[in-house]
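Each value in this text was obtained by applying a stated rule to the coordinates, not by laboratory testing. What you see is a predicted model; the values in this text were computed from it and never measured. Here the Cβ positions follow ideal geometry from the backbone for every residue, glycine too, while neighbour counts run over all protein chains shown.
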Amino acid sequence: MVEFSFTEQQEMFRKILHEWCQKNLTLEKVREMDTKGMMPPGIVKEMANLGLHIMTAPQEHGGTGADWVTACIAAQELGYHDISIAIPVFFLVQSSWGFAVDRHCTERVRKEYVNKAMRGEGFVGIATTEPGGGSDVAAFKSTGKKEGNEWIINGEKIYISGTEEAVKMDGGFFITVRTAPAPPRAAHKGMTGFFLPINMPGVEITKRFDDVGRMGISTGGFAMKNVRLPEDYMVGEEGKGFYITMEGFDGARLLIGATCIGAAQRALELGMDYIKERKAFGQPIGKFEGIHFELADDWAQLEALKSLVYRTAWMMDEKYKHRRFSPLEVAQYISACKLKCPHFALHAIEHAMLWMGAYGYTKECPLEMGWRGVMSYCIGAEGATNIQRVVIARELLGKEYMAHK
Ligand SMILES: Cc1cc2nc3c(=O)[nH]c(=O)nc-3n(C[C@H](O)[C@H](O)[C@H](O)COP(=O)(O)OP(=O)(O)OC[C@H]3O[C@@H](n4cnc5c(N)ncnc54)[C@H](O)[C@@H]3O)c2cc1C
């Protein structure tokens, strides 16, 4: 028997969050955030009061112990209201990477950084990408060498979401660095995960990018020059950083799927409002079949992707609660979410912009913020589109058919 409804608790959570967003994330406020290039003051603390930061972490660690279905509800609501997707990025980076760090970190890191982020006073982000590239996670060049009870970290990370917020909030990033030479044909081995406080001596901010979209959150880079990390800043076991990285990506890519269906749904609704009012050739443009066909296709696709996202969230919950699906099986579905949802959202936003004619091309119309924001996930934040295809094909055909094996 298949059940397609949310629990009473999940519905209640959606209602509370929806009402909060209607007050705090109006389109006017989102536009202001986009123009000023920063989140509204106090919003991070208010999100903490709603239990949104790293909400998937268990209650005994200070989280709300939310399941992944509930986290997707949050991401969808935030994506619906903040179509620029800056606030959803802040939310989803922490709910996925904060979750992975919390699962594997020491009590010290949890107390000093993870719990602080949960209270809305800190930030836990992800920094895997390096100047040499982001897709080939196993080929990163940053290194870690053990010296007594410290690790000496050297290297550079770039295109990192939330660098400026991390500095201001005295937060940090999950990083992976090479701590042992790669065995032949197994470059993912010998990578170790650490929590890097951004304000640590030896960390130097190298860049703030002038991004195309999601202006409310910064993207930057930093260098690590002989950073001395205490050994209890290691996350997980030595040499196992790659696997924790994959855990973080799983959560992030799933929540990106939910964020993008939220943004797409908002675009369709804004588009429908417009085509009912706007007249051409003596009638509302919503009476023309050319528009009906696009609208119907987009709605059908939206509903299909909603089902995919929530089914995948359910699989993720089953994996963590009951070890029911293998991590690779779940990762295949997660990659399908990351592959399809951002591109669909971009497409749906573009359709609604086209229905709006010249108005759609102005900043008086909110849709262009969504167009710019969602594009970041089409391009590659939390994993390039083709990499999702590589993951799916690997599961369909077997590892022996991977190009680089
Ligand atoms: C707005 C934004 C925010 C970001 N935030 C973060 C962050 O917080 N932390 C972080 O670590 N990184 C972040 N990134 C970086 C992101 O993770 C990388 O962009 C992504 O992993 C791709 O890496 P790359 O840009 O170096 O592209 P590359 O790896 O150089 O890939 C370039 C192109 O080649 C294609 N390609 C690569 N390998 C294959 C293959 N095997 N088969 C077919 N095609 C392939 C890719 O699909 C892509 O189109 C962010 C990126 C953006 C745009």
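When the pairs K189/K338; K225/K399; K116/K240; K146/K319; K168/K189; K319/K340 are compared against a 31 Å limit on Cα-Cα distance, K225/K399; K146/K319; K168/K189 fall above it. For region 124-239, what does the alpha-carbon gyration tensor say about shape, rounded, prolate or oblate, given a ≥ b ≥ c as the root eigenvalues, a/c under 1.5 as rounded, and a/b over b/c as prolate? Oblate, since a/c reaches 1.5 and b/c is not below a/b.
Counting only aspartates and glutamates at least 8 places from K36 when in the same chain, those with an alpha carbon closer than 20 Å to its own are E28, E46, D82, E164, E165, D210, D211, E364, E368. What does the charge add up to near N24, with Lys and Arg as +1, Asp and Glu as -1, over the other residues with Cβ less than 13 Å from its Cβ? So the surrounding residues net to -3. Each Lys or Arg adds one and each Asp or Glu takes one away; over the other residues whose Cβ falls under 9 Å from the Cβ of S218, this sums to -2.
Count the net charge of all other residues whose Cβ sits under 14 Å from the Cβ of K363, scoring Lys and Arg as +1 and Asp and Glu as -1.
-2
Remark on the chain: ratio of C-alpha radius of gyration to 2.2 N^0.38 Å is 0.98. Straight-line cross-link partners of K287 among the aspartates and glutamates, defined as a Cα under 12 Å from its Cα and at least 8 positions apart when in the same chain: E277.
Dipole magnitude for the chain: about 720 debye, using +1 per Lys or Arg Cβ and -1 per Asp or Glu Cβ, origin at the Cα centre. Counting pairs of Cα atoms in region 8-118, how many percent are more than 24 Å apart? Of all Cα-Cα distances in region 8-118, 24 percent exceed 24 Å.
Mind grabbing the base-10 log of I(q)/I(0) for region 242-401 at q = 0.13, 0.16, 0.17, 0.18 Å⁻¹? Debye formula, identical points on the C-alpha positions, no solvent, two decimal places. Summing over Cα pairs of region 242-401 leads to -0.65, -0.87, -0.94, -1.02. When each full DSSP H helix of the chain is screened for a Cα extent of at least 15 Å along its own axis and an average Kyte-Doolittle hydropathy of at least 0.0, the helices passing are 68-81, 241-277, 327-355, 367-379, 385-397. Close amide H partners of F173, meaning residues 5 or more places away or on another chain with modelled amide H under 5 Å apart, are G125, L196, I198.
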